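**Student:** Pasting a structure below so you can have a look.
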Amino acid sequence: MLTSKFSSSSNIYSTFILLSLLLNIISLCSSIVLPTTLILPVTKDSSTLQYITVIGQRTPLIPVNFTVHLGSASLLVDCESGYNSSTYKPVLCESKQCSFAKAEYNACGSLCLSKPRPGCNNNTCHTLDGNPITDTYTGAELAEDVLAIGSKPVVLVSQPKFIFTCIRSFIMTHLAKGVTGIAGFGHNSTISIPNQLASLDSKFTNKFGICLSSSTTRSSGVIFIGSTPYYVYNPMIDISKNLVYTPLVKNTFTTSKFSEYHVKVSSIQIAGKNVPLNKTLLSIKKGLGGTRISTTTAFTILHTTIYDVVKTAFINALPKNVTIVEPPTKQFGLCFSSKNIRNTNVGPDVPVIDIVFHKKSAFWRIYGANSVVQVNKDVMCLAFVGQDQTRAPSIEIGGYQLEENLLIFDLPQKKIGFSSSLKLQQTSCSKYEKTS
């Protein structure tokens, strides 16, 4: 009888201990704040000047290198270069996933004559997508597989059925070494990275910020996916405040680039003076003209008519003791001696360039760190390229001009925010919290 009482008391005590532990675990779990903003580190490839990020994919999970492209409609993966995954699943024709993709050029593919494999299955949903570097596009199979952002031991988010485009190897040329995919952030696509993450997980909004680093050797930049604020540290600063916003302009005429980001530019000022532009080039007409933002274009490209007047205005605004020199490289059309150019916290002290958007008060100021590039010890060049843009936008804002600036793409509000140089705040895109 004594033994029985002792055993009963012991069981009650053990149960009490287990309940206490369980309550502590529940309390701990309830205090954990799940992330509402994801962080994707972005590095700059020194050879191609492309911006690269790493995303986990497949089963077993492996890190995959992707070139960041704002205008691509989805996550594009080369499925012919050793794609192995036990969780790969093609998206079937007339399935809810195919309907969800809402690709403008969806088609039902049944032309695979070989043994089924990733990218080659019959009765599957196909879409038109491709490589912005080579400007080549093709129909490709849509599929589902595991996607993870973050790395062990801290995986910030994992989606078991993330839809992506399974593309063939011949399309994926001229990408940086080790890159086998393109990370698409296009606005007019339900399966772009920000839009799809927001649809799969209510914690995330379909808003993202991109902050590219100018360094190819040390620090990385970052893409924030989800709601603001976006912080950098030492000191802690919310860099998502005080941005200049301009509406997103639709360009639905072009067949392959309907997810690109266009904005209205009404004028350009250099050292506070208006540059005499041909204003007809600033509007989109039948898919041509206007202004596009691109992370796969190294330096801003201007229609030759615009470039010529910008070049002249920049020369006129330079100090009189600065000597114009023959460009040592064919890439740039205006170069000058850097001997009498002093350096400031926002780069070389050269005339500022203001890109004026839809109204006079909405302008993006470009300082020397983003307007000129040092090509050798004694020479720097205007970091804009003149090109016949008869089949493209009149202005294509490139990655060099975006570096150390935060751009926020607010897709629900259909607007884009520009910060100007973070060097003004004595910080940089590389100082984000890497463990968030």
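The values are calculated or read from the model by the stated rules, or taken from the named source; none is laboratory data. Predicted model, so just to flag it, every value in this text is computed and none were measured. Quick reminder, even Gly has a Cβ in these numbers, built from the backbone with ideal geometry, and neighbours come from all protein chains shown. When the accessible area is computed, the model is the full protein with side chains, heavy atoms only, and any ligands, DNA or RNA have been set aside. Shrake-Rupley method; radii C 1.70, N 1.55, O 1.52, S 1.80 Å.
**Student:** Just give me the residues in the range 74-113 being of a type in the set (A, V, I, L, M, F, W, C) and not in a loop (DSSP other than H, G, I, E, B), in sequence order. Can you show your working first?
**Tutor:** Taking the range 74-113 first, the residues of a type in the set (A, V, I, L, M, F, W, C) are 75-77, 79, 91-93, 98, 100-101, 103, 107-108, 111-113.
Result: L75, L76, V77, L92, C98, F100, A101, A107, C108.
**Student:** Take the residues in the range 66-89 that are in contact with a Gly (Cβ under 9 Å, 6 or more places away or on another chain) and over 15 Å from I193 (Cα atoms), then tell me which one is most open to solvent (accessible area, probe 1.4 Å).
**Tutor:** Among residues in the range 66-89 that are in contact with a Gly (Cβ under 9 Å, 6 or more places away or on another chain) and over 15 Å from I193 (Cα atoms), the one most open to solvent (accessible area, probe 1.4 Å) is E80.
**Student:** Among the listed residues C98, C125, C112, identify the single one that is farther than 28 Å from N206 by Cβ and surrounded by 13 or more Cβ atoms within 10 Å (Cβ to Cβ). Step through it out loud before you land on a result.
**Tutor:** On the way: C98 fails: farther than 28 Å from N206 by Cβ; C125 fails: farther than 28 Å from N206 by Cβ.
Going through C98, C125, C112 in turn, the sole match is C112.
**Student:** So how many residues does the range 173-194 have that are more than 18 Å from Q57 (Cα to Cα) and either crowded, with 20+ Cβ neighbours inside 10 Å or among the β-branched types (V, I, T) (or both)?
**Tutor:** From the range 173-194, those more than 18 Å from Q57 (Cα to Cα) are 173-177, 186-190; that's our starting set.
Remaining after also requiring either crowded, with 20+ Cβ neighbours inside 10 Å or among the β-branched types (V, I, T) (or both): 173, 175, 186-190.
Counting residues in the range 173-194 that are more than 18 Å from Q57 (Cα to Cα) and either crowded, with 20+ Cβ neighbours inside 10 Å or among the β-branched types (V, I, T) (or both) gives 7.
**Student:** Just the residues that are over 19 Å from T67 (Cα atoms) and open to solvent by less than 20 Å² (accessible area, probe 1.4 Å), please, taken from the range 195-217.
**Tutor:** Residues of the range 195-217 over 19 Å from T67 (Cα atoms): 198-207.
The answer is F204, and nothing else.
**Student:** Based on this model, can you work out whether D349 counts as open to solvent by 40 Å² or more (accessible area, probe 1.4 Å), acidic (D, E) and without any contact (Cβ under 8 Å) to a residue 40 or more places away in the chain?
**Tutor:** Working: open to solvent by 40 Å² or more (accessible area, probe 1.4 Å): yes; acidic (D, E): yes; without any contact (Cβ under 8 Å) to a residue 40 or more places away in the chain: yes.
Answer is yes for this residue.
**Student:** So F170 ticks every box in (1) part of a helix (DSSP H, G or I); (2) in contact with a strand residue (DSSP E or B) (Cβ under 7 Å, 6 or more places away or on another chain) but one. Which box is left unticked?
**Tutor:** Against the list (1) part of a helix (DSSP H, G or I); (2) in contact with a strand residue (DSSP E or B) (Cβ under 7 Å, 6 or more places away or on another chain), F170 comes up short only on (2).
**Student:** When only residues in the range 300-330 that are within 13 Å of M380 (Cβ to Cβ) and polar (S, T, N, Q) count, which is modelled with the highest pLDDT?
**Tutor:** Among those that are within 13 Å of M380 (Cβ to Cβ) and polar (S, T, N, Q), it is T323.
**Student:** So how many residues does the range 145-177 have that are more than 19 Å from the chain's Cα centre (by Cα) and either under 20 Å from T67 (Cα atoms) or hydroxyl-bearing (S, T, Y) (or both)? Let's see the steps before the verdict.
**Tutor:** Residues of the range 145-177 more than 19 Å from the chain's Cα centre (by Cα): 145-146, 151-155, 158-161, 166-171, 173.
Restricting the remaining residues to those that are either under 20 Å from T67 (Cα atoms) or hydroxyl-bearing (S, T, Y) (or both) gives 145-146, 151, 158, 166-171, 173.
Total meeting the criteria: 11.
**Student:** Of these, T280, T295, which one is surrounded by 21 or more Cβ atoms within 10 Å (Cβ to Cβ) and under 30 Å from the mean Cα position of the chain (by Cα)? Break it down into steps so the answer makes sense when it comes.
**Tutor:** Working: T280 fails: surrounded by 21 or more Cβ atoms within 10 Å (Cβ to Cβ).
Result: T295 is the single residue among T280, T295 that is surrounded by 21 or more Cβ atoms within 10 Å (Cβ to Cβ) and under 30 Å from the mean Cα position of the chain (by Cα).
**Student:** Is it the case that some residue within the range 260-273 is among the hydrophobic types (A, V, I, L, M, F, W, C), over 17 Å from W364 (Cα atoms) and either touching a residue at least 12 places away in the same chain (Cβ under 8 Å) or out of contact with any Phe, Trp or Tyr (no Cβ under 9 Å at 6 or more places or on another chain) (or both)?
**Tutor:** From the range 260-273, those among the hydrophobic types (A, V, I, L, M, F, W, C) are 263, 265, 268, 270-271; that's our starting set.
Subsequent filtering for residues that are over 17 Å from W364 (Cα atoms) retains none.
There is no residue in the range 260-273 that is among the hydrophobic types (A, V, I, L, M, F, W, C), over 17 Å from W364 (Cα atoms) and either touching a residue at least 12 places away in the same chain (Cβ under 8 Å) or out of contact with any Phe, Trp or Tyr (no Cβ under 9 Å at 6 or more places or on another chain) (or both).
**Student:** Let me confirm something: among V352, V375, which residue is under 28 Å from the mean Cα position of the chain (by Cα), at pLDDT 95 or above, farther than 30 Å from N251 by Cβ and of a type in the set (V, I, T)? Show your work before the answer.
**Tutor:** Values: V352 fails: farther than 30 Å from N251 by Cβ.
Exactly one residue qualifies, and that residue is V375.
**Student:** Take D145 and tell me if it is modelled with pLDDT of 95 or more and acidic (D, E).
**Tutor:** yes
**Student:** Starting from the range 399-423, keep only residues that are open to solvent by 10 Å² or more (accessible area, probe 1.4 Å), then list their pairs with residues that are at pLDDT below 95 and of a type in the set (V, I, T) whose Cβ atoms are within a distance under 8 Å, requiring at least 6 positions of separation or different chains.
**Tutor:** Filtered contacts from the range 399-423: P412/T205.
**Student:** If I filter the range 146-160 for residues that are among the small types (G, A, S), under 19 Å from S72 (Cβ atoms) and touching a Leu at 6+ places or on another chain (Cβ under 7 Å), do I get at least one hit? If you could, list the steps in order and put the result at the bottom.
**Tutor:** Restricting attention to the range 146-160, the residues satisfying the condition of being among the small types (G, A, S) are 148, 150-151, 158.
Right, trim to under 19 Å from S72 (Cβ atoms) and you get none.
Looking for residues that are among the small types (G, A, S), under 19 Å from S72 (Cβ atoms) and touching a Leu at 6+ places or on another chain (Cβ under 7 Å), one finds none in the range 146-160, hence no.
**Student:** Answer yes or no: is there a residue in the range 289-301 that is in a strand (DSSP E or B) and more than 19 Å from E403 (Cα to Cα).
**Tutor:** Initial filter on the range 289-301 (in a strand (DSSP E or B)): 291-293, 300-301.
If we keep only those that are more than 19 Å from E403 (Cα to Cα) as well, we get none.
There is no residue in the range 289-301 that is in a strand (DSSP E or B) and more than 19 Å from E403 (Cα to Cα).
**Student:** Scan the range 48-73 for residues that are part of a loop (DSSP other than H, G, I, E, B), of a type in the set (S, T, Y) and modelled with pLDDT of 95 or more and jot them down. Full working, then the answer.
**Tutor:** Filtering the range 48-73 down to residues part of a loop (DSSP other than H, G, I, E, B) leaves 48-50, 58-61, 70-73.
Filter once more, so that each one left must be of a type in the set (S, T, Y): 48, 59, 72.
Correct list: T48, T59.
**Student:** So which of V244, V222 is open to solvent by less than 60 Å² (accessible area, probe 1.4 Å) and within 16 Å of T427 (Cβ to Cβ)?
**Tutor:** The conditions single out V222.
**Student:** I'd like the full set of residues that are touching a Gly at 6+ places or on another chain (Cβ under 7 Å) and closer than 23 Å to K177 by Cβ, limited to the range 124-136.
**Tutor:** Of everything in the range 124-136, those that are touching a Gly at 6+ places or on another chain (Cβ under 7 Å) and closer than 23 Å to K177 by Cβ turn out to be P132, T136.
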